[in-house]
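Visitor: Mind looking over this structure? Questions follow.
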Amino acid sequence: MMKSVIHYMIILALVLGVIFLYDKQFGAIPILLLSVYLFYFGIKKMRDIKNQ
């Protein structure tokens, strides 16, 4: 339960970062961080499914 709350908070923070930094031409930084985080999360989920 707590892990999902932290997961959603990280995604929300990065999306808000995109919204606020997009006008300053720095929107790619949070998008890159979001893609790295989601890639890591996906690999972790696949590893968990494989180990079951």
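Each reported figure results from applying straightforward, stated rules to the coordinates on display, with no laboratory input. Owing to the predicted nature of the structure, the values given are computational and were not obtained by experimental measurement. Virtual Cβ from ideal backbone geometry, glycine too; neighbours counted across all protein chains shown.
Visitor: P(r) for the chain: what percent of alpha-carbon pairs falls in each 10 Å bin, starting at zero?
Guide: Pair shares across the bins are 25, 42, 24, 8, 1.
Visitor: Cross-link candidates for Lys3: which lysines have Cα within less than 18 Å, leaving aside residues fewer than 8 places away along the same chain?
Guide: Within the straight-line limit of under 18 Å, Lys3 reaches these lysines: Lys44, Lys45.
Visitor: Which of Leu12, Ile29, Gln52 sits closest to the plus end of the dipole of the chain, meaning its Cα is farthest towards the positive end, when Lys and Arg get +1 and Asp and Glu get -1 on the C-beta?
Guide: Of Leu12, Ile29, Gln52, it is Gln52.
Visitor: So what is the 222 nm mean residue ellipticity for the chain from helices alone, if each DSSP H run of at least 4 adds -39500 (n - 2.57) and you divide by all residues, rounding to the nearest 500 deg cm²/dmol?
Guide: On the way: 2 runs with 45 residues, N = 52.
When only DSSP H runs of four or more count, the value is -30500 deg cm²/dmol.
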